1. Quick check: is even one residue across region 255-265 in a helix (DSSP H, G or I) and modelled with pLDDT under 75?
2. For residues that are within 28 Å of the chain's Cα centre (by Cα) and outside any loop (DSSP other than H, G, I, E, B), scanning just region 475-484, find the one that is nearest to residue 321 (Cα to Cα).
3. Quick one: residue 145 ticks every box in (1) of a type outside the set (Ser, Thr, Tyr); (2) modelled with pLDDT of 90 or more; (3) closer than 29 Å to residue 261 by Cα bar one, so which box is it?
4. Identify all residues within region 181-202 that are within 18 Å of the chain's Cα centre (by Cα), surrounded by 20 or more Cβ atoms within 10 Å (Cβ to Cβ) and hydrophobic (A, V, I, L, M, F, W, C); write none if there are none.
5. Return the pairs, sorted by first residue and then second, in which the second residue is among the hydrophobic types (A, V, I, L, M, F, W, C) and part of a loop (DSSP other than H, G, I, E, B), the first residue lies in region 105-119 and is farther than 30 Å from residue 42 by Cα, the beta carbons are less than 7 Å apart, and the residues are 6+ apart or on different chains.
6. Can residue 221 be described as within 17 Å of residue 252 (Cβ to Cβ) and either of a type outside the set (S, T, N, Q) or surrounded by 23 or more Cβ atoms within 10 Å (Cβ to Cβ) (or both)?
7. From the list 177, 205, 169, 164, which residue is over 13 Å from residue 115 (Cα atoms), outside any helix (DSSP H, G or I) and open to solvent by 10 Å² or more (accessible area, probe 1.4 Å)?
8. Which of the residues belonging to region 51-71 are assigned to a loop (DSSP other than H, G, I, E, B) and hydroxyl-bearing (Ser, Thr, Tyr)?
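The values are calculated or read from the model by the stated rules, or taken from the named source; none is laboratory data. Since this is a predicted model, take the numbers as computed values, not measurements. We place every Cβ from the backbone using ideal geometry, glycine too, and count neighbours over all the protein chains shown. Accessible surface is based on the protein model in full, side chains and every heavy atom, while ligands, DNA and RNA are left aside. Shrake-Rupley method; radii C 1.70, N 1.55, O 1.52, S 1.80 Å.
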Amino acid sequence: MSTPPSGHRHGAASANSVADNTESDFEDEISCDEVDQDVEAPTEADIMTVTAELVFNEMPSHLIYISDDDETTVLIDRETLVDRFRPELIRVCKDLASKDKLPDTIRQKLKYAALSHRWLSVGEPRFQEMSVERNHQSTRPGFIKLRNFCRKAREYGCRLAWSDTCCIDKRSSAELDEAIRAMFRWYRNAEICIVFLADSSSISDFPEEVWFQRGWTLQELLAPPRIKFYGRNWDELSCSCNDKEDHSMLEALSQVTGISRQNLLYFSPGLVDVPEDNKDQDIAYSLIGILNISLSVAYGEGERAFRRLMEAIMQACREWQILAWAGPHSPFQASIPRSPLAYCAFDEASTSILLPDHYIMDRPSKLGDPFFTMTKRGLELEVILVEMMLQQPTPRRPGGTRKKTQAIRFMSDSASFHDVTARCDITFLPFSQWAVAIVNYQADESGKRGGVGKLKPTNDYLCFVLGSSIHSAGWKKVETQKIVTIRTKREVYQPVTTVWL
């Protein structure tokens, strides 16, 4: 076979290379054409569909529209909001390369600021007033606060604002119910949460700031990813645009609330300590969004609201930790605490039972009764029941008075259990029989009711103190000031017993 001259070899290679490159370019053009054909520019219908989904599913039912000069505000509902922004949204979105960009583009145009504040006793603007007035030049303190809030909202590029004083039509039970259930989500979806602290001039005033003592403060602090604090004269309390990115602010917030920096920054629905509030129903309603619980709203029900919330949680929760509380019980149900403060009733000895790694060696075994349920007889719960003897309270000294609350020791006939000490109100203990009900025992592997529970001597176990008498049917839960725990002296296997509390 003859070999072509050197020059011909290079020429052939060059020609082949050109042909290959041409073919590659042609394939790239085809590929790009195919991609372009797959990507559709949004139509007007696409734009308005995405807008409606955002407005009706993720935004408040009423918002304040702020004019460009910050002087005119008008309260608008969702339908009006869609109509008002329709021309602008179509103009901005029609040239987008892909429908995938619609949600972020529309959300940026419809971003809103949310106000967190402490209500004034008088003078706050109401829904009806906002509905009929367009220029709010009132000198009432509440209107002045609202105007300052709207100006701050505009500084953050928001033409929409939301305040709980005037953006909820409380005459409508349906709207009020939706607002309470969705409020956590509304604060989370806000572009910025603006907090007005009327009693503070600096973060050093936080320990005395009343805003931190409100039940509603919890979700308003945890939900928004961006938050900005202003003091009594609307002065910034930090140099940051987002106070959740300010180290000193986070440290001050964590110290005054007891909430970890991790939860302040990355909170997702779960159980945390709740600041005390002076309205029983507000405590319950402020937790609906945080706990992701569905609960109807009935203002005026008082303490019944927290009882209903706890019943709803118990229906959704099958973890024994929901039973780890102490102190006064609900007047309507002995197995439900009177307020969230009951979950703070730990002392140094009992705190360890809730540590995440406390029962790491027991996993994947189940702890406690996963089938507990609320019935007409009360909370139906399987426990390890240990009968106890009551050591008589300290007698009253001559001429003195006996303390109303004392630490009482309960002793077991069994050689397997240590004594139990509980601080109780001894003025009314009408029981002749005593027992402790151990809650978080290790359940057997059968997964059925009526099994055998296991206890290890290395663990502390949550228990209730129970009392019974000839005048009472069944066991009654005894109120204790702190959560009670018990420990065994050896490994124990014991059949579980069903109690109704």
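1. No, region 255-265 contains no residue that is in a helix (DSSP H, G or I) and modelled with pLDDT under 75.
2. Across region 475-484, the extreme among qualifying residues is 484.
3. If we test residue 145 against (1) of a type outside the set (Ser, Thr, Tyr); (2) modelled with pLDDT of 90 or more; (3) closer than 29 Å to residue 261 by Cα, just (3) comes out false.
4. The answer is 183, 184, 186, 190, 193.
5. 114/190; 118/198
6. yes
7. Just one listed residue meets the conditions, 169.
8. Residues of region 51-71 that are assigned to a loop (DSSP other than H, G, I, E, B), as a first pass: 59-61, 67-71.
Answer for region 51-71, where residues must be assigned to a loop (DSSP other than H, G, I, E, B) and hydroxyl-bearing (Ser, Thr, Tyr): 61, 67.
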